[in-house]
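First comes the structure, then the notes that go with it.
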Amino acid sequence: MAKSIKEMRPVYVVGIGLDRYQRISERPYVELGLAAIRSALTDAGISWPDVESFYLGTALLGMAPGRAMIKHLGATGIPIAQVENASASGSTSFRQACIDVACGLVDVSMAAGVDKPGPPLKAANAGRSRDIVGKRTAPVAHFALLANRYMAQSGITSEHLASVAVKNHRNGALNPFAQRQKERSMADVLEPPFMAGPLTRLQCCPVGEGAAAVVVCSEEAVERLNIDSNRLVKVMASVSASEQLYPPGTDIDSALTRSTVFKAYDQSGISPDDVDVVELHDAFSIEEILYAEAMGLCGEGEAAELIATGAFDIGGRCALSPSGGLLAMGHPIGPTGTGQIVEITRQLRGEASLRQQPNAKVGLAHMVGIGAVCLVHLLQKV
Amino acid sequence: MTNANESFRLENGYPVIIGTTCASCDFAWFPPVEFGCERCGSYGKSLIESSFLLKGTLLSFADIMPGTDTSFLLSTIELENGATIRAILGCTTEMAIGDLTHGRIETIEDKPAIRFYGIGE
Ligand SMILES: [Zn+2]
């Protein structure tokens, strides 16, 4: 019978590293990626030859960028693969690394993500077209339509919507790896230009460059490599899903998120009330409201008011997007999902400094990708 | 009057878009599906070209890039046969989510194009 990851060999996150998300620079992707990888190895206290398999989440770099990068760590001949799954590429590379360890194929695996934005991919744009618009509708248009519909149904205001961005910029201002590190007031966030519908510029995530890396390993490797057992974070669930056909008028992103997250809860025995920190796909402010409800973190129609009144701040009942999320930390595509695992691991270890959610024990990472796909991981402090 | 790639036309005086109906599960698709039905997986002769009347309900709309030369009102519309489409609103009067709406074929920048309006317009 099929098993979930929790029923297989335990998998631990033992090393994390980032290269700051930022506007596109002249630095080659190899340099960004190596910085994150070396930092993850140092954090784990292991060396590159200890790593037995490698997955690179990337959507924009073209064919086979992985070996051209990792050869600079010393060519050890390990199995590698690029993982492309749109915005969820980095989440999917993490899942592949977890699967390698859970199955017993290797004891130590690394997932990384690196990207530099380029022109959008045509195949991805075809994913969801139902239009006679005759011009390409960007993701911001899709989420503006969802935002206006949600606002009409729930009665929330533009200030409610903007409060997501105010919170996430406040968190991002405390994160040295965030692309946007400036606190923004409600007035700042509501300042035009409007990109689409109620979404102003600061309610849309910046897409820049960056890199993230995570080391996962088995219990045996923890012992053999003398990895600090006080800093272990266990992977409790890894769920990957793609869009099904929903009834007409359904908000696809919420429906897909709900079913994927609840599968992860089922597999792990974790309930929404247990979750202390969440990194989710807040590419646009409305998404955090929709997904908080879809994840069962509050009732339907309640998220906006709870966000506006601080319940999901750092120090609140559950910290949503403590890294700053996609809105402030940024969304360099390939690294984003791996970067979420970095933030959650930091939080669960109690090493998040000024961004620390007190007493964080359980974290949830969530990405959606155009297509549509959804990836959810639940992590727990050991 | 037809557009370049025949995705809409006038039929008996009424504007329609050309989509696909799945003979196996009755689902209506726009744009047309060619390779297989997303609901039931049927393909080949099960996929029948059908015309859909441009009448439906406004599920949402949003001003895209307001205040710029390229701004337009984008909408999501559920047609009477269940197909959900994205379309541009041409209305000059206020519309609200949940309103009934209908589409017309117009000439925009020398090309035929569809615009949706409120029922009174
Ligand atoms: Zn069918």
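A few remarks follow.
- Helical contribution to [θ] at 222 nm, DSSP H n ≥ 4, -39,500 (n - 2.57), averaged over chain A, rounded to 500: -10500 deg cm²/dmol
- Working value for the range B:55-118: equivalent-ellipsoid semi-axes of 19, 15, 10 Å, each the square root of 5 times a Cα gyration tensor eigenvalue, largest first.
- Taking 4.7 Å between beta carbons as the limit, the unpaired Cys residues of chain B are B:C91.
- Accessible area per residue for the range B:8-53 is 58 Å², calculated with a 1.4 Å probe on protein heavy atoms, without ligands, DNA or RNA.
- Of all DSSP beta bridges in the protein assembly as shown, antiparallel share, percent nearest 5: 80
- Among B:A96, B:A28, B:A83: highest mean-square fluctuation, GNM of chain B, C-alpha pairs under 10 Å: B:A96
- Take each peptide in A:105-111, A:146-152, B:21-27, count the other Cβ atoms within 10 Å of every residue, and average; sorted highest first, the result is A:105-111, A:146-152, B:21-27.
- Calculated FRET efficiency for the pair A:R201/A:K361, C-beta based, R₀ 35 Å, to 0.05: 0.45
- Cα-based convex hull, the range A:8-78, per residue volume (Å³, whole number): 123
- Within the shell defined by Cβ-Cβ distances under 12 Å, the residues around A:F284 carry a net charge of -3, with Lys and Arg each +1 and Asp and Glu each -1.
- Of the trypsin sites (Lys or Arg not before Pro) in the range B:43-121, those whose Cβ has at most 15 other Cβ within 10 Å and which sit in DSSP loop: none
- Ellipsoid semi-axes in whole angstrom, largest first, where each is sqrt(5λ) of the Cα gyration tensor of the range A:230-272: 27, 10, 8
- Unsatisfied cross-links (Cα-Cα over 19 Å) in the set A:K116/A:K234; A:K71/A:K234; A:K234/A:K361; A:K3/A:K263: A:K116/A:K234; A:K71/A:K234
- Take chain A and mark each of the GluC sites (Glu not before Pro) that is in a DSSP loop with at most 15 other Cβ atoms within 10 Å; the longest unmarked stretch, sites excluded, is A:27-182.
- The simple spin-label model puts a point 7 Å past each Cα toward its Cβ; for A:L105 and B:E80 those points are separated by 5.4 nm.
- Comparing Cα centroids, the range A:58-96 and the range A:190-220 end up 20 angstrom apart.
- The Rg/Rh ratio for the range B:1-94 is 1.03, where Rg is the radius of gyration of the alpha carbons and Rh is the Kirkwood radius.
- Angle in degrees between helix A:158-172 and the longest Cα principal axis of chain A, rounded to the nearest 10: 30
- The tail of the calculated P(r) for the range A:159-214 beyond 15 Å holds 49 percent of all Cα-Cα pairs.
- Label-point separation, A:S229 to A:D274 (7 Å along Cα→Cβ), nm: 2.2
- Translational D in µm²/s for chain A (Stokes-Einstein at 25 °C, 0.890 mPa s, Kirkwood Rh from C-alpha pairs): 120
- Computed from the Cβ-Cβ distance with R0 of 41 Å, the FRET efficiency linking B:T68 to A:S242 stands at 0.75.
- Note on B:L10 and A:S259: with the Förster distance fixed at 35 Å, the Cβ-Cβ geometry gives a FRET efficiency of about 0.25.
- Partner chain coverage, peptide B:62-73 - average Cβ within 10 angstrom: 5
- The length gained by stretching the chain between B:A23 and B:L53 to full extension, at 0.36 nm per residue less their Cα-Cα distance, is 9.0 nm.
- The distance linking the range B:68-107 with the range A:293-318 is 33 Å (Cα centroid to Cα centroid, whole angstrom).
- As a length-normalised measure over Cα pairs under 8 Å and 6 or more apart, the relative contact order of chain A settles at 27 percent.
- A Gaussian network model of chain B, with springs between Cα atoms under 10 Å, assigns the largest mean-square fluctuation among B:G44, B:G13, B:G82 to B:G13.
- Loop chymotrypsin sites (Phe, Trp or Tyr not before Pro), the range A:245-289 (other Cβ atoms within 10 Å of the site Cβ: 16 or fewer; DSSP): none
- Relative intensity of the range B:8-53 on a log10 scale, I(q)/I(0) at q = 0.27, 0.30, 0.31, 0.32 Å⁻¹, equals -0.86, -0.99, -1.04, -1.09, per a Debye sum over C-alpha point scatterers of equal strength in the absence of solvent.
- When the Gaussian network model of chain B links Cα atoms closer than 10 Å, the mean-square fluctuations of B:G98, B:G56, B:G19 top out at B:G98.
- Simple point charges give the picture: +1 on the Cβ of Lys and Arg, -1 on the Cβ of Asp and Glu, and for the protein assembly as shown a dipole about the Cα centre of about 880 debye.
The values are calculated or read from the model by the stated rules, or taken from the named source; none is laboratory data. Remember, it's a predicted structure, so these values are computed and weren't measured experimentally. Neighbour counts are summed over all protein chains in view; Cβ atoms, including those assigned to glycine, are modelled from backbone coordinates with ideal geometry. We work out accessible area using only protein heavy atoms, side chains counted, and drop any ligands, DNA or RNA first. Shrake-Rupley method; radii C 1.70, N 1.55, O 1.52, S 1.80 Å.
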